[in-house]
1. Give me the three principal axis extents of the chain from the C-alpha atoms, as integers in angstrom, largest value leading.
2. At E160 and D262, where each label point lies 7 Å from the Cα along Cα→Cβ, what is the point-to-point distance in nanometres?
3. What is the calculated FRET efficiency for A200 to R290, with r their C-beta to C-beta distance and R₀ = 25 Å, to the nearest 0.05?
4. Each residue of the range 269-279 in order: what ³J(HN,Hα) in whole Hz does its phi give by Karplus 6.51 cos²θ - 1.76 cosθ + 1.60, θ = phi - 60°, with x for Gly and Pro?
5. Report the full-extension gain for the segment T120 to R183: residue separation times 0.36 nm, less the Cα-Cα distance, to one decimal in nm.
6. So who's got an amide H within less than 5 Å of the one on L159, skipping anything under 5 residues away but keeping other chains? H placed 1.01 Å off N, in plane.
7. For Cα pairs less than 8 Å apart in space and 6+ apart in sequence, what is the mean separation divided by the residue count of the chain, i.e. the relative contact order in percent?
8. Please list the non-local residues whose amide H lies under 5 Å from the amide H of Q14, H modeled 1.01 Å from N, same-chain partners needing a gap of 5 or more.
Amino acid sequence: MSVTVRVPAKVNVQLAVGAARPDGFHDLANVFLAVGLYDEVTVTPADELRVTCEGPGSDQVPLDRTNLAARAAELLAARHGIAPDVHLHIAKDIPVAGGMAGGSADGAAALVACDALWGTDATRDELLDICAELGSDVPFSLVGGAALGTGRGEKLTPLEVGGTFHWVFAVADGGLSTPAVYREFDRLTPDAPDPEASPALLEALRTGDAEALAATVSNDLQPAALSLFPALHDTLAAGTAAGALTALVSGSGPTTAFLTADATSARKVADALTASGTCRTARAATAPARGAKIVRRVAPE
Ligand code: C5P
C-alpha cells in the first residue's frame, strides 16, 4: 500500500515580528494564506526510513534525518511505539528554501501520509501538536486556507476568506537561510514593538478585496531579506512595473510575491517577470488553497 498527500505552499500576507525571545524565537502576528503550488509526498513501507526527492531544486533538499518529512515519520512512530520504516518520496513543486514553507509542507504531508499508512488514527490535535514540534510553520501547512499564527507562528486561529486571490511568485536564483534573515532583522530592528495583526488586512481577506489586501500587506522581514539579497529590489520593481497591485518578499525570502487583480493580470505579470531576467522563473497561483490532503491510496499488487 502507498499513500500520497498533496500539500500547498504559503505566503505571509502580514508578518509582524517582535523582539527575539529568550528561546531565540520571535513572537509573531503571522497571517498565513495557503496558495495553490503543491508538493506531493508518497509514503510506502520499506526496510528502513529513507527519503528521495524529485523536481525543481530537489538537489538542495536534504535526504537525511534533518528533512522535516523524515522527522515527522519518526515523531509519529515514536509516539505509537512502531518503527518508522518507510520510503518517503517528495515530488517538489514548491520553491526550495524560498520562504514559502516548502520544507514545512513536506513535514505536514508526511505526517498525514504516515498516519493513514500505519492506521495510527491520530486526532487532529495530536497531528497539530507534532506539527508544532517540527517547526513554526508546519501546523499551518496541515490546515491550509488562511490563519493568524501567534506565538512563534504555531498557534493558529482560522480566518475567513471571501474570494479568490490571484498571485504570482518569482523564484530567485539562490536561497536565504531563515535564521540568518531573523538575525539580520534583530540587527536592523533593535526595538521591535509587540506584533499585532492588522484589522484592515483581516477585513480585506474576509471580503475577498484584492485592492484592499494589496494596500495592507506587510512583511517585517522584508528589509532584512533585501539587505542580504539586494537583487530582490529589481524583481519587486519588475513585477510592479508589469501591473501587480503590490509586491513583497514572501516570508523570509528570497521568493517574491505579487498580488494581481485577476487571472489575466497574473499571466501578464508572470510573463513580464520571466522575461525581465530578474528571477529564475515566475509562477501564477491562486489562494486560498486547502491544507494537506490525501489524494491517492494504492493497494499492493
Ligand atoms: O520553527 P522553524 O524551525 O521553522 O524556525 C526556523 C528558524 O527561524 C528558527 O531557528 C529561528 O531562527 C527562526 N524563527 C524565529 N522566530 C519564529 C520562527 C522562526 O526566530 N517565530
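1. 54, 43, 35
2. 2.6
3. Numbers: r = 26 Å, r/R0 = 1.05.
Computed FRET efficiency for A200 and R290: 0.45.
4. 5, 4, 5, 5, 5, 4, 6, 6, x, 9, 8
5. On the way: separation 63, 0.36 × 63 = 22.68 nm, distance 3.91 nm.
Full-extension gain reported as 18.8 nm.
6. Here the answer is A146, A147, L148, since their amide H atoms fall under 5 Å of that of L159.
7. Details: 768 pairs, mean separation 81.3, N = 301.
This gives 27 percent for the chain.
8. Hits under the 5 Å cutoff: V31, S218.
Read the figures in this text as sums done on the coordinates, not as results from a lab. Being a predicted model, the structure only gives us computed values, none of them experimental. Using ideal geometry, Cβ is built from the backbone for each residue, glycine included, and neighbour counts are taken over all protein chains shown.
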